[in-house]
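Engineer: Please see the structure below; I have some questions.
The values are calculated or read from the model by the stated rules, or taken from the named source; none is laboratory data. As the structure is a computational prediction, the values presented were derived from the model and not from experiment. Please note: Cβ atoms are built from the backbone with ideal geometry, for glycine as well, and neighbour counts cover all protein chains shown. Just the protein is used for accessible areas: all its heavy atoms, side chains included, with ligands, DNA and RNA removed. Shrake-Rupley method; radii C 1.70, N 1.55, O 1.52, S 1.80 Å.
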Amino acid sequence: MTSQALSLVETAAFIDGLWIEGDDSFDVTNPADGTLIAQVADLGASETRVAIGAAHRALPAWSAKTAKERGAILRRWSDLMLAHADDLARLMTAEQGKPLAESKGEVAYGAAFIDWFADEAKRAYGHTIPTPMPGKRLASIKQPIGVCAAIAPWNFPIAMITRKVGPALAAGCTVVVKPAAETPLCALAIARLAVEAGVPAGVLNVVTGKDSSAIGKALCDDSRVRKLSFTGSTPVGKILYEQCAGTMKKLSLELGGNAPFIVFDDADLEAAVDGAIASKYRNTGQTCVCANRLIVQAGIHDAFVARLSEKVDVLKVGNGMTEGVQIGPLINAKAMRKVGDLVNEAVLAGAYVTVGGGDDPFDPQRFFSPTVLVNVTPDMRLFQEEIFGPVAPIVKFTTEEQAIELANATPFGLAAYFYSRDVGRCWRVAEAIEAGMVGINEGLISTEVAPFGGVKESGLGREGASEGLDEYLETKYLCFGGVG
Ligand code: SIN
């Protein structure tokens, strides 16, 4: 890391405007080579309750500011992130592993959520409601929901925090953030920039710790926390959902996916191949919206497989800090084992590897080769589970109905993609697919201005866009009597 990036490294947690060392610490290591980057404060349930208390005390003054005043502070924060984009990106690549170009992209993506919601809060409109009774006047207003908890994953160490904290702060809420134990440094670095931007003490708190279950439970159990937003796996999302029932919290859950990527015979072949690569291999296959199952029509199948394999074969694997690298390490040894097992099981059951297929020679302990598999069948585990690695399994189909049936044969419904040049088919398939987001002739769909979220077991609620602000607001109905 550069000396500037090092100057953004904070290892203490951030509560009530203070940097808290704690009694213990945990290691943050670089997934590309296993080296120790930092030792970060290891806090638990009791410190989490202290952070909730701070957020609770800070709430009246923060929510009393006008949306414009809050927006001005948020805009400064976003500008500071962009001003430090190179350093934040280096920090991100060091702790998360993604190629530097992708880290830079994520810093911009993360800052964009803050910038977007800095403006959007000014439009938190209520309604006046035509009265059904003489003498009464009806209206609704929007108010901040209160103290919010944001539990963030390791795959997008900045953007998944700002996508929650941006709308929360803009709406007038205060927040306790729990970053992933793998990637706390980006969270702490942006907290430091928040202080510089003028976010008051207690409004944003960052509780670091490796006991995610204890911290998560403390956030769920506390009645002062009125909303919890979580991005992560479906099993953990279900636990949090249950734990929040006791205090009836509002929830946003952005959970696992199993995105189908359908290529119809009438698709533009080159565009479909490029879209598949962009969607599948982004962040080394470690995104919830990565294409997980490539479902390709018989007439274009062989040409698609050949072109995709050719292009995947030349993807550059290596340490994300190295110029030109496109595929970084997987996050840890457990992820390496899971991806390896899924591929091996599929091959034993009859799938065929056209490129890649196992641990990468760059470093077989930490890197998995970008892989394409054909002869995959829907009963294989890698067709049913989120792979979270650089592996593209391809299933062949014949009719449009069959493609939709295959696409929907999953409990998940986050993102879906398809390529076709037939306008009628584009509408039919987009409507029939059970997913919260559909890319039509497009493999990259994420942006702060569109509603991000899933259906079925992929979660609840939407992040980004005007829907993202609503998640942090309550509607209050006002009935004025005796008006005459
Ligand atoms: C995710 O993987 O959870 C988020 C991906 C994105 O925002 O594009």
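Engineer: Step by step: first the residues of the stretch 426-450, then only those that are open to solvent by 30 Å² or more (accessible area, probe 1.4 Å), more than 16 Å from the ligand (Cβ to nearest atom) and assigned to a loop (DSSP other than H, G, I, E, B), then the one that is nearest to LYS280 (Cα to Cα). Which residue is that?
Structural biologist: Looking at residues that are open to solvent by 30 Å² or more (accessible area, probe 1.4 Å), more than 16 Å from the ligand (Cβ to nearest atom) and assigned to a loop (DSSP other than H, G, I, E, B), I get ASN441.
Engineer: On to the next question. Which of the residues belonging to the stretch 213-225 are under 22 Å from ILE158 (Cα atoms) and either open to solvent by 10 Å² or more (accessible area, probe 1.4 Å) or of a type in the set (Gly, Ala, Ser) (or both)?
Structural biologist: The answer is SER213, GLY216.
Engineer: Report, by residue number, each residue of the stretch 293-321 that is open to solvent by less than 20 Å² (accessible area, probe 1.4 Å) and within 19 Å of GLU400 (Cα to Cα).
Structural biologist: ARG293, LEU294, ILE295, VAL296, GLN297, ILE300, HIS301, PHE304
Engineer: Mind listing just one residue for me: the one in the stretch 255-296 that is farther than 14 Å from ILE440 by Cα and touching a Cys at 6+ places or on another chain (Cβ under 7 Å) and, of those, farthest from the ligand (Cβ to nearest atom)?
Structural biologist: LYS280
Engineer: Looking only at the stretch 92-126, count how many residues are of a type in the set (Phe, Trp, Tyr) and either more than 14 Å from GLY71 (Cβ to Cβ) or not assigned by TED's automatic domain parsing to the domain that holds ALA189 (or both).
Structural biologist: Adding up the residues that qualify gives 2.
Engineer: From the list LEU240, LEU228, which residue is outside any strand (DSSP E or B), aliphatic (A, V, I, L, M), surrounded by 21 or more Cβ atoms within 10 Å (Cβ to Cβ) and in the same structural domain as ARG57 (by TED's automatic domain parsing)?
Structural biologist: Selected residue: LEU240, the only one of LEU240, LEU228 that is outside any strand (DSSP E or B), aliphatic (A, V, I, L, M), surrounded by 21 or more Cβ atoms within 10 Å (Cβ to Cβ) and in the same structural domain as ARG57 (by TED's automatic domain parsing).
Engineer: Further question on the same structure: How do the strands (runs of 3 or more DSSP E) wholly within the stretch 332-402 filter down when requiring 2 or more residues that are free of Cβ contacts under 8 Å to residues at least 12 places away in the same chain: which remain?
Structural biologist: Once the strands (runs of 3 or more DSSP E) in the stretch 332-402 are filtered for at least 2 residues that are free of Cβ contacts under 8 Å to residues at least 12 places away in the same chain, nothing remains.
Engineer: Related question: What are the residue pairs meeting all of these: first residue in the stretch 139-165, first residue open to solvent by 10 Å² or more (accessible area, probe 1.4 Å), second residue more than 12 Å from the ligand (Cβ to nearest atom) and among the acidic types (Asp, Glu), Cβ atoms under 7 Å, and 6 or more apart or on different chains?
Structural biologist: Between residues of the stretch 139-165 that are open to solvent by 10 Å² or more (accessible area, probe 1.4 Å) and residues that are more than 12 Å from the ligand (Cβ to nearest atom) and among the acidic types (Asp, Glu), the close pairs are GLN143/GLU474; ILE145/GLU474; TRP154/GLU182.
Engineer: Failed condition for LYS280, given (1) open to solvent by 10 Å² or more (accessible area, probe 1.4 Å); (2) touching a Pro at 6+ places or on another chain (Cβ under 9 Å); (3) of a type in the set (D, E, K, R), with all others met?
Structural biologist: Going through (1) open to solvent by 10 Å² or more (accessible area, probe 1.4 Å); (2) touching a Pro at 6+ places or on another chain (Cβ under 9 Å); (3) of a type in the set (D, E, K, R) one by one, LYS280 breaks only (1).
Engineer: Which of the residues that make up the stretch 261-277 are open to solvent by less than 10 Å² (accessible area, probe 1.4 Å) and in contact (Cβ under 8 Å) with a residue 60 or more places away in the chain?
Structural biologist: PHE261, ILE262, VAL263, PHE264, ALA267, ALA272, GLY275, ALA276
Engineer: May I ask you to list the residues in the stretch 451-466 that are under 25 Å from ALA392 (Cβ atoms) and within 12 Å of the ligand (Cβ to nearest atom)?
Structural biologist: PHE452, GLY453, GLY454, SER458, GLY459
Engineer: In the stretch 347-366, is there at least one residue being closer than 16 Å to PHE261 by Cβ and hydrophobic (A, V, I, L, M, F, W, C)?
Structural biologist: No; the residues of the stretch 347-366 include none that is closer than 16 Å to PHE261 by Cβ and hydrophobic (A, V, I, L, M, F, W, C).
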